[in-house]
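Here's the structure we're looking at; comments come further down.
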Amino acid sequence: MNNGKLKIGIIGCGGIANQKHMPSLAKLTHLGEMVAFCDVIEESAQKAAKNFGSDNAKVYTDYKELLKDESIDVVHVLTPNLQHSYITVDALEAGKHVMCEKPMAINSIEAKKMVDAANRTGKKLTIGYQNRFRNDSQVLHKACREGQLGDIYLSKAHAVRRRGVPTWGVFLDKEQQGGGPLIDLGTHALDLALWFMDNYKPKSVSGSVFYKMSDKFEGNMMGPWDPEKYHVEDSAFGFIKMENGATIFLESAWALNTTDAKEAMTTLCGTEGGAEMRASSVFGKSDVIFNSTKHGQLVETKPSISGGIAYFGPGAEEDGVKEARQWLESILNDTEPLVKPEQALVVTQILEAIYTSAETGKVVEFE
């Protein structure tokens, strides 16, 4: 550290780095500064260093060279999914704390290597599930912890776009990404469901994966793509049974003929009440609706959490900034990050089981 500030290295200077991580970290310069940038495309690293780096920030095209810098405290791994595991393990072994962008890894074996490396080295590891930091997520999580829903025995995890296929980078490359909307979007919705339920013990998983819409690009919000290069699923669905009997239904799609599009939202049903995340009137935000019975009637209540002067006023932070702040403070104060690697490992195991079940036509049983 320098003057109480963490020194941060960025590995991967593409879309998610520029959209979330680097702008968020740039707002927290009292906690840390970005001193090194690495990308296989040198121009991308140079541009990132110019826009977000400290004075004399270093640029690399080989992440192993960046890891040799002993002054770097923290590394953000923001590469294609295939590279998450081995870069994270190398960074932990080099004595760095690691924030790895979601999904944790392309399969559970690689994810387990990351957890083992964090435990072995004593360094902190977290995964980029920023949706936990949304206002509606925080309110719903608190309600669940206080028992307001009772025993939560059913959850629907929603990650559905009508036409929202990402047409840049390597999103359509199965080898680099490990899959399509299930591993890209479904991972967020499943993370929320498990976190709200505080249940990380799956018993069995069955899944269906579809490759039906690879040439249906009309109306896509990110523009057309080359159908010949579309190598991942366009939708996937999973039915997850937990050890205590609770059930989760996970739906994920980049392209699905439905008007009921929901992304990174959940529906929860418990013995004392239920809750549903819904799109808010404020663009890019969502609300949570609680349902229960009172005075002999069915009632719905909605906390005022998205909108109002307080939300838009000075000091309001975006979800990515909240995520980065909690992560850096967990290192500085030696506390746990909100997203624990063991939790992300279970998410990876379930996603992998959905793919396996769809391929084999069999239910995947957990030991």
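The values are calculated or read from the model by the stated rules, or taken from the named source; none is laboratory data. What you see is a predicted model; the values in this text were computed from it and never measured. Ideal geometry is used to build each Cβ from the backbone, glycine not excepted, and the neighbour counts take in all protein chains shown. Note: accessible area is taken over every heavy atom of the protein model, side chains too, but ligands, DNA and RNA are not part of it. Shrake-Rupley method; radii C 1.70, N 1.55, O 1.52, S 1.80 Å.
Just wondering, is there one or more residues in the range 56-63 that are open to solvent by 50 Å² or more (accessible area, probe 1.4 Å), modelled with pLDDT of 95 or more and part of a helix (DSSP H, G or I)? Give the derivation first.
We begin by selecting, within the range 56-63, every residue open to solvent by 50 Å² or more (accessible area, probe 1.4 Å); these are 56, 58-59, 61-62.
When the remaining residues are screened for being modelled with pLDDT of 95 or more, the result is 58-59, 61-62.
Then keep just the ones that are part of a helix (DSSP H, G or I); that gives none.
Taking every residue of the range 56-63 in turn, none turns out to be open to solvent by 50 Å² or more (accessible area, probe 1.4 Å), modelled with pLDDT of 95 or more and part of a helix (DSSP H, G or I).
Looking at Gly238, Gly223 in this structure, which one is under 26 Å from Glu101 (Cβ atoms), within 20 Å of the chain's Cα centre (by Cα) and not hydrophobic (A, V, I, L, M, F, W, C)?
Values: Gly223 fails: within 20 Å of the chain's Cα centre (by Cα).
From the options Gly238, Gly223, the qualifying one is Gly238.
So, in the range 140-179, how many residues would count as being modelled with pLDDT of 95 or more and part of a helix (DSSP H, G or I)?
6
Looking at Ile106, Ile72, which one is part of a loop (DSSP other than H, G, I, E, B), open to solvent by 30 Å² or more (accessible area, probe 1.4 Å), more than 20 Å from Ile41 (Cα to Cα) and in contact (Cβ under 8 Å) with a residue 24 or more places away in the chain?
Ile106
Which residues, counting only those in the range 20-52, are open to solvent by 30 Å² or more (accessible area, probe 1.4 Å) and either modelled with pLDDT under 95 or part of a loop (DSSP other than H, G, I, E, B) (or both)?
So the first thing to find is which residues in the range 20-52 are open to solvent by 30 Å² or more (accessible area, probe 1.4 Å), and the list is 23, 26-27, 29-30, 33, 40-44, 46-47, 50-52.
Of everything in the range 20-52, those that are open to solvent by 30 Å² or more (accessible area, probe 1.4 Å) and either modelled with pLDDT under 95 or part of a loop (DSSP other than H, G, I, E, B) (or both) turn out to be Lys27, Thr29, His30, Val40, Ile41.
So, in the range 171-229, how many residues would count as being under 11 Å from Trp254 (Cβ atoms), among the aromatic types (Phe, Trp, Tyr) and in contact (Cβ under 8 Å) with a residue 60 or more places away in the chain?
The qualifying residues number 2.
Only one of Val299, Val282 is within 20 Å of Arg162 (Cα to Cα), at pLDDT below 95 and open to solvent by 30 Å² or more (accessible area, probe 1.4 Å); which? Reasoning before the result, please.
Numbers: Val299 fails: within 20 Å of Arg162 (Cα to Cα).
The conditions single out Val282.
Being in contact with a strand residue (DSSP E or B) (Cβ under 8 Å, 6 or more places away or on another chain), surrounded by 24 or more Cβ atoms within 10 Å (Cβ to Cβ) and assigned to a loop (DSSP other than H, G, I, E, B), is that true of even one residue in the range 86-99?
The answer is yes; a qualifying residue exists.
Among (1) surrounded by fewer than 20 Cβ atoms within 10 Å (Cβ to Cβ); (2) at pLDDT 95 or above, there is one condition Ala353 misses while meeting the rest; what is its number?
For Ala353, the failing item is (1).
Got a number for residues in the range 135-166 being within 25 Å of Val77 (Cα to Cα), surrounded by fewer than 22 Cβ atoms within 10 Å (Cβ to Cβ) and not small (Gly, Ala, Ser)?
Just the residues of the range 135-166 that are within 25 Å of Val77 (Cα to Cα), to begin with: 137, 159, 164-166.
Add one more test, that the residue is surrounded by fewer than 22 Cβ atoms within 10 Å (Cβ to Cβ), and what stays is 164, 166.
Pick out the ones that are also not small (Gly, Ala, Ser) and you get 166.
Of the residues in that region, 1 qualify.
Could you check Lys262 against (1) within 17 Å of the chain's Cα centre (by Cα); (2) open to solvent by 40 Å² or more (accessible area, probe 1.4 Å); (3) of a type outside the set (Asp, Glu) and say which number it fails?
(2)
In the range 265-276, which residues are open to solvent by less than 30 Å² (accessible area, probe 1.4 Å) and either assigned to a loop (DSSP other than H, G, I, E, B) or at pLDDT below 95 (or both)? Steps first, please.
Within the range 265-276, the first condition is being open to solvent by less than 30 Å² (accessible area, probe 1.4 Å), and the residues that meet it are 265-268, 270, 273-275.
Selection gives Gly273 alone.
Pick from the range 225-259 the residues that are open to solvent by 10 Å² or more (accessible area, probe 1.4 Å) and among the hydroxyl-bearing types (Ser, Thr, Tyr): which of them is farthest from Leu149 (Cα to Cα)?
At the first step, the residues of the range 225-259 found to be open to solvent by 10 Å² or more (accessible area, probe 1.4 Å) are 225-231, 237, 239, 241, 243-245, 247, 249, 251, 256-259.
Of the ones still in play, those that are also among the hydroxyl-bearing types (Ser, Thr, Tyr) are 230, 247, 258-259.
On the way: Tyr230: 42, Thr247: 15, Thr258: 29, Thr259: 28 Å.
The residue in question is Tyr230.
Could you tell me how many of the residues in the range 109-138 are in contact with a strand residue (DSSP E or B) (Cβ under 6 Å, 6 or more places away or on another chain) and more than 17 Å from Trp327 (Cα to Cα)?
Here is the first cut: in the range 109-138, the ones in contact with a strand residue (DSSP E or B) (Cβ under 6 Å, 6 or more places away or on another chain) are 118, 123-128, 131, 136.
Of the ones still in play, those that are also more than 17 Å from Trp327 (Cα to Cα) are 136.
Counting residues in the range 109-138 that are in contact with a strand residue (DSSP E or B) (Cβ under 6 Å, 6 or more places away or on another chain) and more than 17 Å from Trp327 (Cα to Cα) gives 1.
Looking at Asp198, is it within 24 Å of Gly179 (Cβ to Cβ) and acidic (Asp, Glu)?
Working: within 24 Å of Gly179 (Cβ to Cβ): no; acidic (Asp, Glu): yes.
Criteria not met by Asp198.
In the range 185-219, what residues are over 18 Å from the mean Cα position of the chain (by Cα) and farther than 21 Å from Arg161 by Cα? Before the answer, list the steps.
First pass over the range 185-219, keeping only residues over 18 Å from the mean Cα position of the chain (by Cα): 201-219.
Passing the criteria: Lys201, Pro202, Lys203, Ser204, Val205, Ser206.
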